[in-house]
Amino acid sequence: SQKIEQNSEALNIQEGKTATLTCNYTNYSPAYLQWYRQDPGRGPVFLLLIRENEKEKRKERLKVTFDTTLKQSLFHITASQPADSATYLCALQANSGYALNFGKGTSLLVTP
Amino acid sequence: DAGVIQSPRHEVTEMGQEVTLRCKPISGHNSLFWYRQTMMRGLELLIYFNNNVPIDDSGMPEDRFSAKMPNASFSTLKIQPSEPRDSAVYFCASSLRVGVGNSPLHFGNGTRLTVT
């Protein structure tokens, strides 16, 4: 069966450090991978999309890598700030259709 | 752009009652999705529509759940009769085009449903 796995343990880091979140998947052959941010009581918000032929993509302090051999994506936030505290979800298009399947997300807490 | 609008934000109802959740997608978006989120199972896709037509409802848990999209600007998700295990946050999302792998989803802020 298809699986998207993200670390269920919360990640606590100090302000200014780089946060790295991991997304592993099985039984997918994704052409794209997406990352979302979710704050409490709100819907997920799209952050970045990376294509299978892109090894790395950057947007301001965010960087995403995509390794289709390892079946893994890494999501980095550099110079982290308390405002970056949220849950981060990765998502892949299901092989069987057009919808997106989501991992359960990793909670990030950035402390001053 | 008002984004995806869902109503109500919170719904508390008794077991056996009918519940109707509403969604207004972003104007011009062709695809609409209903998801359910719980701590245990995360975000689960229930059903999605393309150009107002249901494409895949295999995620709908039981016949008690039904969804409609009578026009491009409105969709409903109905649960009848509701049960305590239906308690969750229900999200509606829309996308500009089919093939969402390369098209971001825009989510509403959800309806938190509590069935007692």
Discussion item. So if I check each of B:Ser103, B:Ser75, B:Ser82, B:Ser58, which one is within 14 Å of chain A (Cβ to nearest Cβ) and crowded, with 16+ Cβ neighbours inside 10 Å?
Written reply: B:Ser103
Worksheet item: Is there a residue in the stretch A:35-51 that is in contact (Cβ under 8 Å) with a residue 60 or more places away in the chain and either part of a strand (DSSP E or B) or within 13 Å of chain B (Cβ to nearest Cβ) (or both)?
Response: yes
Discussion item. Here's a check for you: in the stretch A:25-34, which residue that is more than 8 Å from chain B (Cβ to nearest Cβ) and under 13 Å from A:Leu89 (Cα atoms) is modelled with the highest pLDDT?
Written reply: A:Tyr25
Worksheet item: Name the strands (runs of 3 or more DSSP E) wholly within the stretch A:62-112 that hold at least 1 residues that are touching a Cys at 6+ places or on another chain (Cβ under 7 Å) and within 14 Å of chain B (Cβ to nearest Cβ)?
Response: A:72-77, A:86-93
Worksheet item: Does B:Phe91 satisfy the criteria of being closer than 16 Å to B:Ile5 by Cβ, surrounded by fewer than 18 Cβ atoms within 10 Å (Cβ to Cβ) and at pLDDT 95 or above?
Response: no
Fill in: Matching residues in the stretch B:61-72 - criterion: being open to solvent by 40 Å² or more (accessible area, probe 1.4 Å) and either free of Cβ contacts under 8 Å to residues at least 12 places away in the same chain or basic (Lys, Arg) (or both)
B:Glu62, B:Asp63, B:Lys68
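The values are calculated or read from the model by the stated rules, or taken from the named source; none is laboratory data. Being a predicted model, the structure only gives us computed values, none of them experimental. Cβ coordinates were reconstructed from backbone atoms using ideal geometry, including for glycine residues, and neighbour counts include every protein chain displayed. Each accessible area value is taken on the protein alone, full model and side chains, heavy atoms only, with ligands, DNA and RNA left out. Shrake-Rupley method; radii C 1.70, N 1.55, O 1.52, S 1.80 Å.
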